[in-house]
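Asks: Encoded as C-alpha coordinates, here's the structure I'll be asking about.
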Amino acid sequence: MDYEMLHTCIRVMDLEKSLKFYKEAIGLVEKKRIDYPEHKFTLVYLSDELGHYELELTYNYNPDKPYEIGNGFSHLAVSVDDLEGSRERHKEMGYTVTELMGLPDSPPKYYFVTDPDGYRVEVIRAS
(Lines give C-alpha, C1' and ligand atoms only; values in the text may rest on other atoms or scores of the structure.)
Protein backbone atom coordinates (compact mmCIF):
# COMPACT_ATOMS: atom_id res chain seq x y z
CA MET A 1 0.00 0.00 0.00
CA ASP A 2 1.27 3.47 -0.88
CA TYR A 3 0.24 6.48 1.18
CA GLU A 4 0.42 10.09 0.08
CA MET A 5 0.63 12.98 2.52
CA LEU A 6 -2.35 15.31 1.91
CA HIS A 7 -2.55 18.05 4.53
CA THR A 8 -1.93 19.24 8.06
CA CYS A 9 -4.77 20.99 9.91
CA ILE A 10 -4.32 23.77 12.44
CA ARG A 11 -7.12 25.66 14.20
CA VAL A 12 -6.90 29.44 14.05
CA MET A 13 -8.52 32.22 16.09
CA ASP A 14 -8.57 34.94 13.41
CA LEU A 15 -8.82 33.58 9.87
CA GLU A 16 -7.85 36.84 8.17
CA LYS A 17 -4.70 37.31 10.30
CA SER A 18 -3.69 33.72 9.67
CA LEU A 19 -4.31 33.99 5.92
CA LYS A 20 -2.23 37.17 5.80
CA PHE A 21 0.66 35.40 7.58
CA TYR A 22 0.65 32.24 5.46
CA LYS A 23 0.12 34.11 2.17
CA GLU A 24 2.38 37.14 2.68
CA ALA A 25 5.06 35.83 5.03
CA ILE A 26 5.31 32.21 3.83
CA GLY A 27 4.13 32.58 0.20
CA LEU A 28 1.34 30.00 0.24
CA VAL A 29 -1.68 30.40 -1.99
CA GLU A 30 -5.32 29.63 -1.23
CA LYS A 31 -6.40 26.55 -3.14
CA LYS A 32 -9.86 25.89 -1.74
CA ARG A 33 -12.29 27.34 0.81
CA ILE A 34 -15.34 25.58 2.19
CA ASP A 35 -17.77 27.43 4.43
CA TYR A 36 -20.17 25.61 6.73
CA PRO A 37 -22.22 28.46 8.23
CA GLU A 38 -24.86 26.10 9.61
CA HIS A 39 -22.11 24.31 11.54
CA LYS A 40 -20.20 27.53 12.28
CA PHE A 41 -16.81 26.78 10.73
CA THR A 42 -14.73 27.45 7.63
CA LEU A 43 -11.92 25.37 6.10
CA VAL A 44 -9.24 27.02 3.98
CA TYR A 45 -6.61 24.95 2.16
CA LEU A 46 -3.28 26.60 1.32
CA SER A 47 -0.37 25.21 -0.66
CA ASP A 48 2.87 26.15 -2.33
CA GLU A 49 3.16 26.51 -6.10
CA LEU A 50 3.68 22.76 -6.58
CA GLY A 51 0.50 21.92 -4.70
CA HIS A 52 1.64 18.52 -3.48
CA TYR A 53 0.80 19.17 0.15
CA GLU A 54 -1.66 21.49 1.85
CA LEU A 55 -2.05 23.35 5.10
CA GLU A 56 -5.66 23.37 6.27
CA LEU A 57 -6.70 26.32 8.39
CA THR A 58 -9.83 25.52 10.39
CA TYR A 59 -11.70 28.55 11.67
CA ASN A 60 -14.48 27.86 14.14
CA TYR A 61 -16.77 30.88 14.32
CA ASN A 62 -16.43 32.81 17.57
CA PRO A 63 -14.07 30.55 19.52
CA ASP A 64 -14.40 31.41 23.20
CA LYS A 65 -10.72 30.99 24.11
CA PRO A 66 -7.38 30.48 22.35
CA TYR A 67 -6.45 26.95 21.35
CA GLU A 68 -3.77 25.19 23.35
CA ILE A 69 -0.90 24.01 21.20
CA GLY A 70 -0.05 20.53 22.49
CA ASN A 71 3.41 19.89 23.84
CA GLY A 72 3.87 17.09 21.31
CA PHE A 73 3.44 19.42 18.33
CA SER A 74 6.58 21.32 17.37
CA HIS A 75 6.37 23.17 14.05
CA LEU A 76 5.72 23.33 10.32
CA ALA A 77 8.70 23.71 7.95
CA VAL A 78 9.35 25.49 4.65
CA SER A 79 12.51 26.12 2.65
CA VAL A 80 13.77 29.32 1.04
CA ASP A 81 16.77 30.28 -1.12
CA ASP A 82 17.59 33.56 0.67
CA LEU A 83 17.46 32.62 4.35
CA GLU A 84 18.88 35.89 5.69
CA GLY A 85 16.64 38.01 3.45
CA SER A 86 13.59 36.00 4.48
CA ARG A 87 14.42 36.42 8.17
CA GLU A 88 14.83 40.19 7.81
CA ARG A 89 11.55 40.40 5.89
CA HIS A 90 9.69 38.51 8.62
CA LYS A 91 11.19 40.81 11.26
CA GLU A 92 10.14 43.88 9.25
CA MET A 93 6.61 42.43 9.00
CA GLY A 94 6.50 42.44 12.80
CA TYR A 95 6.49 38.70 13.43
CA THR A 96 8.41 37.02 16.25
CA VAL A 97 11.61 35.63 14.73
CA THR A 98 14.47 33.67 16.31
CA GLU A 99 18.16 34.08 15.60
CA LEU A 100 19.66 31.98 12.81
CA MET A 101 20.44 28.50 14.13
CA GLY A 102 22.18 25.32 13.09
CA LEU A 103 22.45 21.79 14.34
CA PRO A 104 25.43 21.05 16.61
CA ASP A 105 28.76 21.50 14.79
CA SER A 106 27.11 22.93 11.67
CA PRO A 107 26.64 26.48 10.36
CA PRO A 108 23.33 28.31 10.81
CA LYS A 109 20.77 27.14 8.26
CA TYR A 110 17.35 27.83 9.78
CA TYR A 111 15.24 30.06 12.01
CA PHE A 112 11.70 30.05 13.36
CA VAL A 113 8.92 32.58 12.77
CA THR A 114 5.72 32.50 14.84
CA ASP A 115 2.26 32.87 13.29
CA PRO A 116 -0.61 34.86 14.88
CA ASP A 117 -1.82 31.79 16.83
CA GLY A 118 1.57 30.83 18.23
CA TYR A 119 2.41 28.07 15.75
CA ARG A 120 6.08 28.07 14.83
CA VAL A 121 7.25 27.77 11.22
CA GLU A 122 10.82 26.63 10.65
CA VAL A 123 12.39 28.39 7.66
CA ILE A 124 15.29 26.33 6.29
CA ARG A 125 17.93 27.33 3.75
CA ALA A 126 17.18 25.46 0.51
CA SER A 127 19.91 22.97 -0.40
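The values are calculated or read from the model by the stated rules, or taken from the named source; none is laboratory data. As the structure is a prediction and not an experimental result, all values here were calculated from the model. Cβ: placed from backbone, ideal geometry, glycine included. Neighbour counts: every protein chain shown.
Asks: Based on this model, can you work out whether Thr58 counts as among the hydroxyl-bearing types (Ser, Thr, Tyr), touching a strand residue (DSSP E or B) at 6+ places or on another chain (Cβ under 8 Å), at pLDDT 95 or above and assigned by TED's automatic domain parsing to the domain that holds Lys17?
Replies: The answer is yes for Thr58.
Asks: Give me the strands (runs of 3 or more DSSP E) completely within region 1-72, filtered to those with at least 1 residues that are touching an Asp or Glu at 6+ places or on another chain (Cβ under 9 Å), aromatic (Phe, Trp, Tyr) and without any contact (Cβ under 8 Å) to a residue 24 or more places away in the chain, ordered by residue number.
Replies: The qualifying strands (runs of 3 or more DSSP E) are 41-47.
Asks: Using the structure shown, decide if Ser47 is at pLDDT 95 or above, under 24 Å from Val123 (Cβ atoms) and polar (S, T, N, Q).
Replies: Yes; evaluated as a whole, the condition is true for this residue.
Asks: Say we look at region 91-127 and pick out the residues that are out of contact with any helix residue (DSSP H, G or I) (no Cβ under 6 Å at 6 or more places or on another chain), in contact (Cβ under 8 Å) with a residue 40 or more places away in the chain and not in a loop (DSSP other than H, G, I, E, B); which of these is surrounded by the fewest Cβ atoms within 10 Å (Cβ to Cβ)?
Replies: Filtering first and then ranking leaves Ile124.
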